[in-house]
Amino acid sequence: LWGSGPSVWHKNYPVAQGNRQSPIDIVPHQALHDPSLGPVVLNYDQCTSMNITNNGHSVVVQFDDSDDRSVIQGGPLDNPYRLKQFHFHWGEKGCHGSEHTVAGNSYASELHLVHWNAVKYKTFGEAATAPDGLAVLGIFLETGDDHRWLHVITDALYMVKFKVSTTVNCFNPKCLLPSSLHYWTYLGSLTTPPLHESVIWIVLREPIIVSEKQLGKFRMLLFTGEEEDQRIRMENNFRPPQPLKGRKVRSSI
Ligand SMILES: NS(=O)(=O)c1ccc(NC(=O)NCCCCO)cc1
Ligand SMILES: [Zn+2]
C-alpha cells in the first residue's frame, strides 16, 4: 500500500483525484475564524473493551462501538459521532510522518481518532461512504519528553510486530489529548484506500509530546506477516497533502 502507493492509488480508486481529498496543508492565516464553531466535546467512556491490530499499514486500536458510550460532539458536528478506532501515521526519522501539515511543516507523527455518525447511519461501513458519515480527530505528535500514557500503547506494540491482533485491557484515549482543544476543521476524506470523501476533519492545533524512544517502537512494527520471508519495517505510512480545490478551512481559534 505505501511503497509507490499514494501516487498510484488513483488507478484503482479514481476518487483519489476528487474534490475533497485528505490530508491537506493547513495554512493558519488563511483559515476562517468562525465564531459559530463551538468547542469539541469528547465523552469517552472510562473503559471500552478493545483490541490492538497491525493491519499491514498501521497499528489500530479498535473499540466496541455497539452503543454511544464513547462519542465526540460539538464543534462542526450536528450530532454525536461514535468512537470506532484510533491509529497512527509516522515516518522513519525526525519530523516527517504526519499526514496534515501546518504552513508546510510536518510533525513526527499523527494520531487519528475515527468516529462515525450512528444517528444517521446503521453501520460504520454505510457511514464511511456518506458525506457526513465520519468525523476524524487528528492530533499531531512532536518529539520531546516521554508521554506518560502513550507507553500503554507502545509497550503493547511488540505483541503486534507482525500482521496480528491482540486484546488489550481498558485504555481511555482521552489521555492522549493535548491541553488545548483549539482546532481547524474542513471537509475531507479517508487518507488511505478506499479514500471515501466522508470525513469531517477536526485537527487540533496543539501537538502532544512523545519521546523518540516511544516513536521508535512504532518503527519496529512490520508491514509483513510472520510467515513472509522478507521483513519490511512499517514506516512512512502517511499520504502527502492533497489539493485544497477551493475548500475553506475554518478555525475555532
Ligand atoms: N487515515 S484515516 O483517514 O483516519 C482512515 C480511517 C479509516 C480507514 N478505513 C477504514 O476504516 N476501513 C474500514 C472499512 C471502510 C469502508 O467500508 C481509512 C483511513
Ligand atoms: Zn489515519
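Worth pointing out:
- Apart from one condition, residue 226 fits all of (1) assigned to a loop (DSSP other than H, G, I, E, B); (2) under 18 Å from the mean Cα position of the chain (by Cα); the exception is (2).
- Some residue of region 188-211 being surrounded by fewer than 18 Cβ atoms within 10 Å (Cβ to Cβ), within 29 Å of residue 155 (Cα to Cα), at pLDDT 95 or above and more than 18 Å from the chain's Cα centre (by Cα): yes
- Within region 91-105, the residues that satisfy the criterion of being of a type outside the set (Asp, Glu) and either within 11 Å of ligand 2 (Cβ to nearest atom) or touching a Cys at 6+ places or on another chain (Cβ under 6 Å) (or both) are 98, 100.
- Residues that are farther than 15 Å from residue 208 by Cα and more than 10 Å from ligand 1 (Cβ to nearest atom) within region 103-114 comprise 103, 104, 105, listed in sequence order.
- Under the condition of being farther than 21 Å from residue 176 by Cβ and either within 13 Å of ligand 2 (Cβ to nearest atom) or of a type in the set (Gly, Ala, Ser) (or both), the residues counted in region 129-153 number 2.
- Selected residue (criterion: modelled with the highest pLDDT) from residues of region 149-159 that are surrounded by fewer than 21 Cβ atoms within 10 Å (Cβ to Cβ) and in contact with a strand residue (DSSP E or B) (Cβ under 7 Å, 6 or more places away or on another chain): 157
- Strands (runs of 3 or more DSSP E) fully within region 1-75 counting 3 or more residues that are in contact with a Pro (Cβ under 9 Å, 6 or more places away or on another chain): 40-43, 71-74
- Filtering region 171-202 to residues that are among the β-branched types (Val, Ile, Thr) and either within 11 Å of ligand 1 (Cβ to nearest atom) or part of a loop (DSSP other than H, G, I, E, B) (or both) leaves 191, 192, 199.
- Conditions (1) surrounded by fewer than 18 Cβ atoms within 10 Å (Cβ to Cβ); (2) within 16 Å of ligand 2 (Cβ to nearest atom); number of the one not met by residue 126: (2)
- Residue ID - farthest from ligand 1 (Cβ to nearest atom), chosen from residues in region 129-148 that are crowded, with 17+ Cβ neighbours inside 10 Å and closer than 16 Å to residue 175 by Cα: 147
The values are calculated or read from the model by the stated rules, or taken from the named source; none is laboratory data. On a predicted model such as this, the values are computed, not experimentally measured, just so you know. Methodologically, a virtual Cβ is constructed for each residue, glycine included, from the backbone with ideal geometry; neighbour enumeration extends over all protein chains shown.
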